[in-house]
Amino acid sequence: MTTTTDSLSHLNPHQRRAVEHFCGPLLVVAGAGSGKTRALTYRIANLITEHKVNPENILAVTFTNKAAREMKERIQKLFAEQMALSEYGERYDLLPEYDQVKLRSKVYKLVIKDLWCGTFHSLLSRILRFDIEKYQDENGRAWKKNFSIFDESDAQSLVKEIVTKQLNLSDKKFNPRSVRYTISNAKNQGLSPKDYEKEEPNYKGRVIAEVYNCYQDRLAANNALDFDDLILVPVRLFQQNEQVLGYWHNKFRHILVDEYQDTNRTQYQLISLLATYGEQKSHWKWQNRSVFVVGDADQSIYSFRMADFTILLDFQQDFGDGLDDDDTRSMVKLEENYRSCENILQAANHLIENNTQRIDKVLKATRGEGEQIFYFKADDEVAEANFVINKIRSLEKENPDINWGNFSILYRTNAQSRPFEDMLVRNGIPYTVVGGLKFYDRKEIKDVLGYLRAIANPADTVSLLRVINTPRRGIGKATIENLTNAAQELGVSLWEILSDETSVNTLGGRSAKSVNNFAKMIGRLQQEVENLPASEILQTVLDESGYVQDLHKQGNDEAEDRIRNVGELYNAVRQYEEEAEQDASLAGFLASTALSSDLDNVKEGQSAVSLMTLHSSKGLEFPVVFLVGLEQGLFPNYRSMNDPASLEEERRLCYVGITRAQERLFLSHARERRLYGTREPAVRSQFLDELPRELLATQYPRSVTYTNTGGRTSASYNNGFESTSSSKPTANVNWQVGDKVMHKSFGAGEITHIFGGGNKVSVAIKFPGLGQKIIDPRVAQLQKME
DNA sequence: CCATCCTGAATTTTT
DNA sequence: TTCAGGATGG
Ligand SMILES: Nc1ncnc2c1ncn2[C@@H]1O[C@H](COP(=O)(O)OP(=O)(O)OP(=O)(O)O)[C@@H](O)[C@H]1O
C-alpha cells in the first residue's frame, strides 16, 4: 500500500473524489469546516505522486501567507511520511529526529522549493520580478524589476499630496482616504482612470479620475506599485503580451485556489487567462491541465475590497460543464463538518439561513453534540473582558490538556482588543494580538526599510524623502524643497539630483555637505546591492546612517523598544536569507515585508491566547472561541445596517466566527461601551436573536465554577436574557487564606490574610502583577473560585 | 531647524 | 481615549 492511498484514508468519499481529480475544471463547494482546504492540500500531493506532475507546474493560491506556509508544511509532512516508509520502512514519527530532519530537507528540495504556493499578491509580485519590464500601461508608463511596493499608508500619503498640493483641492471635499479607497476599488475592477471617468461622468468622478491618473504617474515615477497593481499589472501584461502569457500558461498546468468566494474580478481574470490562454471556451484544452477552486459563498466577507462571491457561483458556467448538480462532473459538494460540535454547527446553520442571497447547503455534524453555547451579558466592556478572562482561567485550570493557545477572542473591530489585553496582562496570561499595528508598520521599521528601499530602488523618492533627514542631519525643509523642485523642473528623479555632488553644492546651501554625505552612503550601497547579502546592507545602513546611535542618544524606554525592533528586523532579514526559497535579493525581502500580514507571526503551537478580528480568523479553528461585542451598531456594524446586502455580509461574518469553534463557544455583549472616551448604551445584536434559543445557555448546566456557597450565583450569570443587577456586593462567604478569588477590576488573586471576624471581615489579596491589596468583601464584588 | 503644546478627527473589515 | 498634524516659540 502506498502512502497516497494511506493518506486518502484521511478523507471521506467526496473529498477523495476532489483529491483524485486530475484534469479539467473542478469546483468544490461546501460549508465551513468541511475539509475543503484539506482536500486542496491533499490534491497537490496527489498530483505529484499519482500523476507525476512536476511541482513547478503547480500554482496554488491561498488567502494569507500563513495559510500558504501551513499548506506547504502539510505537504512536506505528507511526503516525508511517504518517504519514511519507502526508504526506512518505518513510520515517520517513529524515526529519530535526525532522520526526520534529513527527510524533510530532502522533500523540501525535491518538492516544496519548486511549488508556487502563496497569496495572489506574493505570487504575482514574483512573476513581475521576471516580466514587468515587458509591460507598458495605456499612457506609456513603465516599471523596472526592482520596483518598490507601496503599502496602504504610502498610497494614502501620495493621494493626499496630489489632492492638496498638486491639484490644490480641499481635502475636506476630497478626503484622501476615501479617494484612495475609490481608486483602489476602481483598480480592483480593472478600470483605468479613463474607464473610471466614463463610469462616473460628473464633477466628482472627473476629479477622482484626475487624481487616479496623477497617482499612477507618481507611482511610475517612483518605480513603485501598490497592492492593487500587483494583480492588475499582470492581468494587463498577459492581455497585451501573448508570449509572456504563453510562458506562464505553459508553466502552470494545474491551478488551485482556496477561498475562491473572496476573489475579485481582476483575480478571476488572472486565473482565467492563465488557465485558458485567453481563448474562447470551445478552444480550451484540458490535457494535463486543471483549474481547481474551493470555497463557500456563505463565508464571503471581503466585498469591501471588491471580492465578489458570484464569481464562485458562476464557476460552473465559466469553466465547468454547467450541468445541474446531479449530472455535473465539474463540481463536488462536501457535506460533513469535521470541526465543530453539533450545537455550534446548528447555531451557525440556523443563523446563516436568515440570509436571502444564498444557496441552501447541507452541513452535517460528525462530532458529538458538545456543550451548550454560552451567552453572557456584561455591564460594560471591562466586565465583558473580565468574564472572558475568568472563563479562560477556569477552563485552563479544569482541563489539563488545554493550553492558552486553544483560546481565541474574536471581535468585529481592532479597537475592541484593548480591555481584553489589559485583563490578560493583569492575569499574567500570554497572548498575541493579530492585526492593528503591524510589525512592519512601526515607525522605526518603516524608517529603516525606507533606507533599504531607496537603496534597492533609487527612483523611490518617497522613501528617499522619508530618510534623508531621519535621523536629523540638518537637512531642512527649504533644502529639500530646492532639490525636489529642481528634479521636477528637469523631469528627473530626486536621486539623480542628490547623486550629483555639483548640483547639491549649488542647491544645498548650508546643508550641502550633509546631503552629499547622505547621498554617498546611499550611492555606495546601491553599487553593492547585487553583491552583498541583504543582511549586510542592512548592517551597513544601521552603522552608517546614525539611526540606531540617535535612538541610543534618546535613551528612554520607547527608544529602547525601537532599538530592539530594529534588531528584530535584522533577524527577519537573516531568516529570510536562510529560507530564501527563490528570491534572496534585497528587493525580494522588501516585497515580503510589504506583503506580510500580522497573521504570519502567529505560529502554530505557541501557547498564547489569540485576539483578532473576525476577518483575520477566516480559515482558522480553535477549541474555545469567545465571540465578543455582539451589539447593534458594532456587530452588525452601523455602516452596514441600512443596506440589506451589507447586513448579509455581516451575518456571514458572524457565521465565520461561530464556525471557528471546535468545542466551546461563548457569545457576549456589553450593555454600555466606551466609544471615543464617552460611554454609550448598547443593545444586544440581532444576530443573538437569530440563533436558536434552545442551544444557548446562560448558566452552566453542571455547576462547575463560580458558584458561591450561598446558593445564588453571581448576578451576571442569572437568566441572561433579562436585565441583570450586577453591582450586588458579595454574599456572606467564609473566606479563608489560600482561597482563589476574582475581583471585578483587579482580576484573579489569592487571599493571603484575613482581618477581623464575623461581619467585619476584610481580606488581603495578592493579585499577580498588582501586588497585595486589602479589600472589604462586603463592598467589593468578590467571587470565590471553586 | 527643531521640540513641544494644542486641536480635532477617528474605528469597520485587509492583501 | 488616542493620535496625527498644525501652530508656536526657542
Ligand atoms: N475527512 C476528514 N476526517 C476528519 N477530519 C477532517 C477531514 N477533513 C478535514 N478534517 C478536519 O476538519 C477541520 C476543517 O478542515 P478544513 O480547514 O480543511 O475545512 P475548510 O472547509 O477549509 O474550513 P473553512 O471553510 O472554515 O475554511 C480540520 O481540523 C481538518 O483537519
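The values are calculated or read from the model by the stated rules, or taken from the named source; none is laboratory data. Bear in mind that the values here come from a model prediction, so they are computed numbers and not experimental data. Neighbour counts are summed over all protein chains in view; Cβ atoms, including those assigned to glycine, are modelled from backbone coordinates with ideal geometry. When the accessible area is computed, the model is the full protein with side chains, heavy atoms only, and any ligands, DNA or RNA have been set aside. Shrake-Rupley method; radii C 1.70, N 1.55, O 1.52, S 1.80 Å.
Assorted remarks:
- Filtering segment A:643-682 to residues that are within 21 Å of the chain's Cα centre (by Cα) and aliphatic (A, V, I, L, M) leaves A:LEU653, A:VAL656, A:ILE658, A:ALA661.
- Boolean, A:PHE407 is within 29 Å of A:ARG564 (Cβ to Cβ), not assigned by the TED database to the domain that holds A:ILE522 and not hydroxyl-bearing (Ser, Thr, Tyr): yes
- Scanning segment A:528-568 for residues that are in a loop (DSSP other than H, G, I, E, B), surrounded by fewer than 18 Cβ atoms within 10 Å (Cβ to Cβ) and hydrophobic (A, V, I, L, M, F, W, C) yields a count of 1.
- Sole residue being surrounded by 21 or more Cβ atoms within 10 Å (Cβ to Cβ), at pLDDT below 90, over 30 Å from A:GLU384 (Cα atoms) and under 34 Å from the mean Cα position of the chain (by Cα), chosen from A:ILE445, A:ILE468: A:ILE468
- At least 1 residues being open to solvent by 30 Å² or more (accessible area, probe 1.4 Å), within 16 Å of DNA strand C (Cβ to nearest atom) and without any contact (Cβ under 8 Å) to a residue 24 or more places away in the chain is the threshold, and among the helices (runs of 4 or more DSSP H) wholly inside segment A:110-222 those reaching it are A:152-161, A:176-188.
- Check on A:PHE227, of a type in the set (Phe, Trp, Tyr), on the phi < 0 side of the Ramachandran plot, touching a strand residue (DSSP E or B) at 6+ places or on another chain (Cβ under 7 Å) and buried (at least 19 other Cβ atoms within 10 Å of the Cβ): no
- When A:SER514, A:SER499, A:SER503 are checked against the criterion of being surrounded by 16 or more Cβ atoms within 10 Å (Cβ to Cβ), within 25 Å of A:LEU590 (Cα to Cα) and in the same structural domain as A:GLU536 (by the TED database), A:SER499 stands alone in meeting it.
- Failed criterion for A:PHE238 (all others in (1) touching a residue at least 60 places away in the same chain (Cβ under 8 Å); (2) under 18 Å from A:LYS145 (Cβ atoms) hold): (1)
- For A:GLN416, the criteria (1) touching a residue at least 60 places away in the same chain (Cβ under 8 Å); (2) surrounded by fewer than 18 Cβ atoms within 10 Å (Cβ to Cβ); (3) under 20 Å from the mean Cα position of the chain (by Cα) hold in every case but one, which is (2).
- Annotation for segment A:315-329: at least one member residue is closer than 25 Å to A:ASN185 by Cα and touching a residue at least 24 places away in the same chain (Cβ under 8 Å).
- Among residues that are within 16 Å of the ligand (Cβ to nearest atom), touching a Cys at 6+ places or on another chain (Cβ under 8 Å), in the same structural domain as A:GLN100 (by the TED database) and open to solvent by less than 20 Å² (accessible area, probe 1.4 Å), A:THR41 is not included.
Here is a yes/no grid of residues against (1) at pLDDT below 90; (2) away from the ligand (no atom under 16 Å from the Cβ); (3) in contact with a strand residue (DSSP E or B) (Cβ under 9 Å, 6 or more places away or on another chain):
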position: A:VAL434; (1), (2), (3): yes, yes, yes
position: A:ILE455; (1), (2), (3): no, yes, no
position: A:GLY476; (1), (2), (3): yes, yes, no
position: A:SER499; (1), (2), (3): yes, yes, no
position: A:SER503; (1), (2), (3): yes, yes, no
position: A:LEU507; (1), (2), (3): yes, yes, no
position: A:SER511; (1), (2), (3): yes, yes, no
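- Just one of the numbered conditions (1) in contact with an Asp or Glu (Cβ under 9 Å, 6 or more places away or on another chain); (2) closer than 23 Å to A:SER34 by Cα; (3) surrounded by fewer than 17 Cβ atoms within 10 Å (Cβ to Cβ); (4) outside the structural domain of A:GLY428 (by the TED database) is not true of A:THR310: (1).
- Considering segment A:395-412, the residues that are open to solvent by 40 Å² or more (accessible area, probe 1.4 Å) and within 22 Å of the chain's Cα centre (by Cα) include one that is farthest from A:SER668 (Cα to Cα), namely A:TRP404.
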